[in-house]
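To start, the structure itself, in structure tokens.
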Amino acid sequence: MAAAESSAFSFPPAWGLSGHSDPVMKTLLSGLASATALLLATAGISPAEEKPAESYVLAKKESPIPVGGKLTESDSFEVKDGLLTIKARGEKDETGKVNLDGSQTIVTERIAATRYRRTQTQIAGTSKSAVSGEDEKVDPPLMPGPLTRKPLFIEEKDGSYSASLLSGAPTAEQQEEIKLFTSIFARNDALLLYGDTPRKPGDTWKVDPKQLAEFAGAMELSGSLTIEFVEIKEVGGVRCAVLKPVFDLRGVLARGTLSGGNLTLKGEGSTLRSLADLVDLETKLEAKFTLKDASATPDAGPVITMQGTMRFEDHNTLAKP
């Protein structure tokens, strides 16, 4: 048996060892080959056998937040030296540069099995622009939104969600924001992005963007989105799936000065997703974008268009009870 196993193991001729004429060397090499084959056989592995890649479930229908736990989501975006174009009927087009940035923090607490408390604790943003050689104009800082520091009470019943202010009656503006957030919260984009079937490094799959509530600050999406499971990586003692989204999308801007504007995004990024908690710990995206004010026409008023490169970052922390 040992002879049969050793014959399956040989050194490449290029090493100058397989056809070595020294009897002592031949004996040594034959013994080494036999010992190697025996060790592999003892381990239950043939020399040509490879261990299959392990599969992982990346998302589930259930919330990753345990009762008594808290998820803190901090996201930001930045546009540097974007191209700004202003068109008005009967006037020469004006062009310039625009610099934008914004950030927000949202804390979601699971206070019972079917009850959550959600608070946008912080929002900030700046806007700077210069048109047709004029001095740079700095817009006022982004003001708090209608729900900033206004806790929402969210309840799940029979698979559907309802939300209301923790105290007081909402204004019409707040009611619109509550409706928007409830639809996003109920959609479970993580399940739509990753699915609940096991996946392994090397897998690539398509996502239907029309099913997503939001992606990279855009809603009402169409186009293409694929995700690649690149590898498993340990970050800060946490085993993570390294994922690579590649996208070419069209939609509307979810929020901001030009919210509702037509937005196109083409780019890629990376995500670190905790395999234990099923939470995206970090996501970074970079995309070429075009944003056009959909509410104006050259006849009714100036049409503002922005183009350039937009960068997004999202950092999440799950605190357990």
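Some observations on this one:
- Within region 207-226, tally of residues that are under 21 Å from Val279 (Cβ atoms), in contact with an Asp or Glu (Cβ under 9 Å, 6 or more places away or on another chain) and either crowded, with 17+ Cβ neighbours inside 10 Å or at pLDDT 95 or above (or both): 6
- Restricting Ala276, Ala296 to residues that are in a loop (DSSP other than H, G, I, E, B), surrounded by fewer than 19 Cβ atoms within 10 Å (Cβ to Cβ) and modelled with pLDDT of 95 or more narrows the list to Ala276.
- Of the set (1) charged (D, E, K, R); (2) exposed (fewer than 15 other Cβ atoms within 10 Å of the Cβ); (3) modelled with pLDDT of 90 or more, all apply to Arg117 but (2).
- Verdict on Ala113 being in the same structural domain as Thr305 (by TED's automatic domain parsing), within 17 Å of Ala186 (Cα to Cα) and out of contact with any Lys or Arg (no Cβ under 6 Å at 6 or more places or on another chain): yes
- Filter result for Ile184 (under 16 Å from the mean Cα position of the chain (by Cα), touching a residue at least 12 places away in the same chain (Cβ under 8 Å) and outside any strand (DSSP E or B)): yes
- Qualifying residue in region 177-185 (condition: surrounded by fewer than 15 Cβ atoms within 10 Å (Cβ to Cβ), at pLDDT 85 or above, β-branched (Val, Ile, Thr) and out of contact with any Phe, Trp or Tyr (no Cβ under 6 Å at 6 or more places or on another chain)): no
- None of Ala241, Ala213 is among the small types (Gly, Ala, Ser) and in contact with a Ser or Thr (Cβ under 7 Å, 6 or more places away or on another chain) except Ala213.
The values are calculated or read from the model by the stated rules, or taken from the named source; none is laboratory data. The structure presented is a predicted model; accordingly, all values stated were derived computationally and were not measured. Please note: Cβ atoms are built from the backbone with ideal geometry, for glycine as well, and neighbour counts cover all protein chains shown.
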